[in-house]
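To keep things clear, I will list the structure first and then write my remarks on it.
The values are calculated or read from the model by the stated rules, or taken from the named source; none is laboratory data. Remember, it's a predicted structure, so these values are computed and weren't measured experimentally. Because the Cβ atoms are built from the backbone with ideal geometry, glycine has one as well, and the counts that use them run over all protein chains shown. Remember, those area values only see protein heavy atoms, side chains included, never the ligands or the DNA or RNA. Shrake-Rupley method; radii C 1.70, N 1.55, O 1.52, S 1.80 Å.
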Amino acid sequence: MNKTLETIRGSWITRDREAAETNRAILRDSINQVPADLREKFLSVLEWSERTEQWSDIIIDGACKDSDRRLNEIIFLEAQIKVLIQVIRVTKDVESIRQLRATTRDTIERMEERKHQEELKRLQEEGATFTPPGTSPSSPVP
């Protein structure tokens, strides 16, 4: 038994652990008594559940990455909008209108550059992970 659990012998944790160990011993001893076809069905269900768990992890990973990407995009756009609002608030004469136009042009350029960089990053990630059937990972993808 685990030394940590020895100090709390008699607690529900220790009792549950001892019961689980006993159950595992019973299962190990009785595995040969289970008919082979039933044993194979149990194993196939176990393999299916493990594959399901792996796919769930992949899906959750992808969803989290997408959520992070979208949140970063929202934060960036919010900052750009704040800059434009500040310039609009001080627009009162011809010079400030020129400044508004220049700021708007700069903001649009920053947004387009960010979108371009994100697209390049996405393409590089896809290129690194996508290998068509019949090609080696080191050969270029057309």
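When ARG69, ARG51, ARG89 are checked against the criterion of being open to solvent by 100 Å² or more (accessible area, probe 1.4 Å) and touching a helix residue (DSSP H, G or I) at 6+ places or on another chain (Cβ under 9 Å), a single residue qualifies: ARG69.
Here the stretch 92-115 is the region considered, the condition is being in a helix (DSSP H, G or I) and over 27 Å from ILE75 (Cβ atoms), and the residue that is most open to solvent (accessible area, probe 1.4 Å) is ARG98. Within the stretch 77-86, being among the hydrophobic types (A, V, I, L, M, F, W, C) and surrounded by fewer than 14 Cβ atoms within 10 Å (Cβ to Cβ) holds for LEU77, ALA79, ILE81, ILE85. Within the stretch 116-125, if we keep just the residues that are more than 14 Å from ARG69 (Cβ to Cβ) and modelled with pLDDT under 90, the residue that is most open to solvent (accessible area, probe 1.4 Å) turns out to be GLN124. Kindly provide the set of residues from the stretch 11-36 that are surrounded by 10 or more Cβ atoms within 10 Å (Cβ to Cβ) and of a type outside the set (Val, Ile, Thr), ordered by number. Selection gives SER11, ARG15, ASP16, ARG17, GLU18, ALA19, ALA20, GLU21, ASN23, ARG24, ALA25, LEU27.
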